[in-house]
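A quick write-up on the structure given underneath.
What follows draws every value from the coordinates through simple rules; no lab data is involved. Computed from a predicted structure; not experimentally measured. Neighbour counts are summed over all protein chains in view; Cβ atoms, including those assigned to glycine, are modelled from backbone coordinates with ideal geometry.
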Amino acid sequence: MKEYLEIGEIVGTHGIKGEVRVYPWADSGEFLLQFDTLYFDEQGKAPIKIIKSYVHKNVVVMKLEGVEGVEKASALRSKVLWMRREDAELEEGAYFIQDLIGLNVLDKDTGKLYGQISDVSATGANDVYHIKGEDGREVLIAAVPSVVIDIEPEQGLIRIRPLKGSFEDEN
């Protein structure tokens, strides 16, 4: 698992004091408020201290150390921000999407391999896992407790009990 994960993108400035607007790549902007330091690279070699942050509409407004004035803030537009995995606090049973992509999906009862997670979509009510089979066919399953039984990123797999008809062509 990667130590540093993408968390959002600077999409513009806010006000005249050098604040930036960050579009969060997380379930909510509030997730970004837990960090004191983020990074401009995936190796953690370019840290940036966060002086203050708050959610404003669909973005997070951040005041970054050393960024004074609109010109300096504007120069950061389109920069991706990274977080260090160990700095994040996740709720019980929550996972980073990047950790789910590529996991093998097995039937909990039969051990049958359905494919690998190729994508995760947020629908509002629950996430939807995209499972790509060896034949290239994609099946979507609801990521709800009655379907997704076990998630073990360290073992590289997810065990499911698919709803009847999910994998129709299967006998």
Inset, instruction - Search the structure for amide H atoms under 5 Å from the amide H of Gly18, placed 1.01 Å from N in the peptide plane, and list their residues when 5 or more places away or on another chain. - result: Gly69, Val70
Inset, instruction - Order by neighbour count: Thr123, Thr37, fewest other Cβ atoms within 10 Å first, most last. - result: Thr123, Thr37
Inset, instruction - Mind giving me the FRET efficiency for Val70 and Ala122? R0 is 41 Å, r the Cβ-Cβ distance, nearest 0.05 is fine. - result: 0.80
Legend entry - Residue-span extension gain [Ile101 to Gln155] - 0.36 nm each, minus C-alpha spacing: 18.1 nm
Legend entry - Trp25-Glu92 pseudo-label distance in nm [points 7 Å out on the Cα-to-Cβ vector]: 3.0
Legend entry - Which label in (1) 48; (2) 40; (3) 51 gives the computed percent of Cα pairs over 22 Å apart: (3)
Legend entry - Backbone HN-Hα couplings from phi across region 99-104 [Karplus 6.51/-1.76/1.60, Hz, Gly and Pro as x]: 7, 8, 4, x, 5, 6
Legend entry - Pairs beyond 31 Å (Cα-Cα), from Lys2/Lys108; Lys2/Lys112; Lys57/Lys132; Lys57/Lys164; Lys2/Lys63: Lys57/Lys132; Lys57/Lys164
Inset, instruction - Can you bin region 97-160 into rounded, prolate or oblate? Criterion: square roots of the alpha carbon gyration tensor eigenvalues sorted a ≥ b ≥ c, rounded for a/c under 1.5, prolate for a/b above b/c, oblate for the rest. - result: rounded
Inset, instruction - Quick one: compute the contact order of region 4-87, relative version, from alpha carbon pairs under 8 angstrom and 6+ residues apart, as a percent. - result: 43
Inset, instruction - Rank the residues Ser121, Ser53 as a footprinting-exposure proxy: fewest other Cβ atoms within 10 Å of their Cβ go first. - result: Ser121, Ser53
Inset, instruction - Pairs of Cα atoms under 8 Å, at least six residues apart: use those to get the relative contact order of the chain, whole percent. - result: 18
Inset, instruction - Could you let me know the centre-to-centre spacing of region 96-171 and region 72-89, using Cα atoms, in angstrom? - result: 30
Legend entry - Protection proxy ranking, peptides 84-95, 133-144, average beta carbon neighbours within 10 Å, highest first: 133-144, 84-95
